[in-house]
Amino acid sequence: MGKPLDDAALDTLFRTARSYNGYTDAPVGEDAIRRIYDLMKMGPTSANQQSARFVWITSAAGKEKLAECASGTNAAKIRQAPASVIIAMDWNFHEELPWLFPHTDAKSWFEGDLDARRDHAFRNSSLQGAYFIMAARALGLDTGPMSGFDNAKVDEAFFPDQPHVKSNFISTFGYGDPGSIFERLPRPEFERFNRVV
């Protein structure tokens, strides 16, 4: 049984954590990226599918390439952030199931059923993207997840030889600049969108 986190940890992960529009100049190196991944990969996915694929972007050339696929103010955010990540999904995730989920022939559940693979890949890569946000926060970094971009352009630019890999969403990350955020938007009370039956 897990131990409840203290208030400081809950604030870091949820209550005072924010989505950032800008960051300090502090760099984000590969060591930090690997630490994020080593935490986030432990989050649950259906049958341990691990269907997300990640492209971590820290170079000026990579940022420019991604920014050209973004819309509105997102392009500038990507160019200015110390790092960004593409959270993508692999529709052929089932090919990896023999070693990821070895207790049964899970690969056979998805062979010949692209619609099921798409559904599972989207759901589980979305979960893994959320784990990325929480892992980054847990390690003292901030994130700026976004969906304002052209998926087809991202896929063509970053996965040209992998037609079975499709972008889900993207995020900037680094050490957040408090001056880049707005007042926190409303969060609904339990009674508004919940019921217990």
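The values are calculated or read from the model by the stated rules, or taken from the named source; none is laboratory data. The structure displayed is predicted, hence computed values, not measured ones. Note that each Cβ is placed from the backbone with ideal geometry, even for glycine, and that neighbours are counted across all protein chains shown.
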Apart from one, (1) within 30 Å of LEU185 (Cβ to Cβ); (2) loosely packed, with under 14 Cβ neighbours inside 10 Å all hold for MET1; the odd one out is (1)
Go through region 1-19 residue by residue and tally those that are over 18 Å from PHE182 (Cβ atoms) and outside any helix (DSSP H, G or I). 6
Picked from region 54-68 (must be part of a strand (DSSP E or B) and either of a type in the set (Val, Ile, Thr) or modelled with pLDDT under 95 (or both)), the residue surrounded by the most Cβ atoms within 10 Å (Cβ to Cβ) is ILE57
Does any residue of region 150-168 turn out to be surrounded by fewer than 22 Cβ atoms within 10 Å (Cβ to Cβ), more than 21 Å from the chain's Cα centre (by Cα) and assigned to a loop (DSSP other than H, G, I, E, B)? yes
Residue under question is ASP25, and the condition is that it be free of Cβ contacts under 8 Å to residues at least 12 places away in the same chain and either more than 30 Å from TRP109 (Cα to Cα) or outside any loop (DSSP other than H, G, I, E, B) (or both); does it hold? no
So, in region 28-53, how many residues would count as being more than 15 Å from the chain's Cα centre (by Cα) and part of a loop (DSSP other than H, G, I, E, B)? 3
Pick from region 14-39, criterion of a type in the set (A, V, I, L, M) and in contact with a strand residue (DSSP E or B) (Cβ under 9 Å, 6 or more places away or on another chain), ranking: farthest from SER171 (Cα to Cα): ALA26
Taking region 78-99, which residues are out of contact with any Lys or Arg (no Cβ under 6 Å at 6 or more places or on another chain) and either within 19 Å of GLY129 (Cα to Cα) or acidic (Asp, Glu) (or both)? ALA81, PRO82, ALA83, SER84, VAL85, ILE86, ILE87, ASN92, PHE93, GLU95, GLU96
